[in-house]
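**Student:** Below is a structure I'd like to ask you about.
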Amino acid sequence: YLVPNSLVVSRGCPHYCDFCYKDAFFAGGRSFYTQRVDPALAEIERLPGRHLYFLDDHLFGDPRFAAALFEGMRGMGRVWQAAGTVRSVLQGDLVARAAAAGLRSLFVGFETLNPTSLAAQRKVQNLNRDYAAAIRRLHDHGVMVNGSFVFGMDEDDESVFSRTVDWAVGQGIETATFHILTPYPGTALHARMAAAGRILHDEWDLYDTRHTVFQPARLSPAALEAGYWRAYRDFYSWSNIAQGAWSKPEMGGRLRHAAYAVGWKKLEPLWDWVIRARRVGGMRPVLESVLNGLQSGARVDENLGAAARPAPFPESS
């Protein structure tokens, strides 16, 4: 792996999106739970270097656990990446606490710009949320955004690809991860599509969010795949990287945006070589520098502690 310091301190997610693997994977059991804070912090302290990658589906899913974890990480000198929801970014002060503990990039599941599609997939935590405000808040705290978008929902037509890319670039999102809607067995989405006769095949190696395995409502399977790949090419074009970087108000933010976006996709052959040549350790300082070294405009409150600005936490975010 390019990022060897990966860890998981929670399992599952408190939400119930129709397309998510979670309900199938955790069927009959607890669908979301966390480690205890002290063992999680002890594991973090044992890992070498500065960089961490939390692979949790939703690190902010239990706000009390997350707040205690971030408080314990303050002062460790870590820089890290994780995943959260639009709702968790907008509510309370967890983003400020996370940034003070070293959060520098957050994977955020925007999924679609269409509220009808959100409701159809039970992505209710995104409904009536201000996506632009969430992005601004992350950027204000020096946190880059890896936006997640899903193509192939029933409201999607040929225009969805360019609309999504144009919006993401215009918002200054540093990196984007695109997916083709995939009806995994055991999910509500799969049950609904199977009942409608829309599942094309069960070649499981193609159920990878890069291939069309169902009949879309307003696109052909080939058009959906072509649009998916075009979205990647367009978002990571040199002109769009430059446009997104230039949306940042200060030169440090522009340089960091450009360096991270270029490194994310343009240098994939280099990363493949680094991994195969077992030279990952030599590249880690470069990643840490990009994540942490160019944030002159960030409002990272290092004085934010557990007692500062107390806020009530909702049951889940």
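**Student:** Answer yes or no as to whether V108 is in a strand (DSSP E or B), over 16 Å from S247 (Cβ atoms), within 16 Å of the chain's Cα centre (by Cα) and at pLDDT 95 or above.
**Tutor:** Working: in a strand (DSSP E or B): yes; over 16 Å from S247 (Cβ atoms): yes; within 16 Å of the chain's Cα centre (by Cα): yes; at pLDDT 95 or above: yes.
Judged against the criteria, V108 is a match.
Results for (1) among the polar types (S, T, N, Q); (2) in a loop (DSSP other than H, G, I, E, B), shown as yes or no for each residue.
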site: T209; (1), (2): yes, yes
site: E225; (1), (2): no, no
site: N240; (1), (2): yes, no
site: R254; (1), (2): no, no
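**Student:** Which strands (runs of 3 or more DSSP E) sit wholly inside the stretch 1-68 and have at least 2 residues that are within 28 Å of A191 (Cβ to Cβ)?
**Tutor:** 10-12, 32-34
**Student:** Look at Y228 and say whether it is under 17 Å from Q171 (Cα atoms) and either touching a Gly at 6+ places or on another chain (Cβ under 7 Å) or buried (at least 17 other Cβ atoms within 10 Å of the Cβ) (or both). Talk me through it step by step, then tell me what you get.
**Tutor:** Numbers: under 17 Å from Q171 (Cα atoms): no; either touching a Gly at 6+ places or on another chain (Cβ under 7 Å) or buried (at least 17 other Cβ atoms within 10 Å of the Cβ) (or both): yes.
Judged against the criteria, Y228 is not a match.
**Student:** Identify, please: which residue in the stretch 154-200 is among the small types (G, A, S) and under 30 Å from Y236 (Cα atoms) and is, among those, farthest from the chain's Cα centre (by Cα)?
**Tutor:** S159
**Student:** If you don't mind, another one. Taking the stretch 195-207 as the region of interest, how many residues are part of a loop (DSSP other than H, G, I, E, B) and either touching a Gly at 6+ places or on another chain (Cβ under 8 Å) or not acidic (D, E) (or both)?
**Tutor:** The total comes to 6.
**Student:** Can you pull out every residue in the stretch 71-112 that is charged (D, E, K, R) and buried (at least 24 other Cβ atoms within 10 Å of the Cβ)?
**Tutor:** The answer is R97, R104.
**Student:** Read through the list (1) surrounded by fewer than 17 Cβ atoms within 10 Å (Cβ to Cβ); (2) of a type in the set (D, E); (3) within 30 Å of A217 (Cα to Cα), then give the number of the only condition that E45 fails.
**Tutor:** The number of the failed condition is (3).
The values are calculated or read from the model by the stated rules, or taken from the named source; none is laboratory data. This structure is a prediction, so every number in the text was calculated from the model and none was measured. Methodologically, a virtual Cβ is constructed for each residue, glycine included, from the backbone with ideal geometry; neighbour enumeration extends over all protein chains shown.
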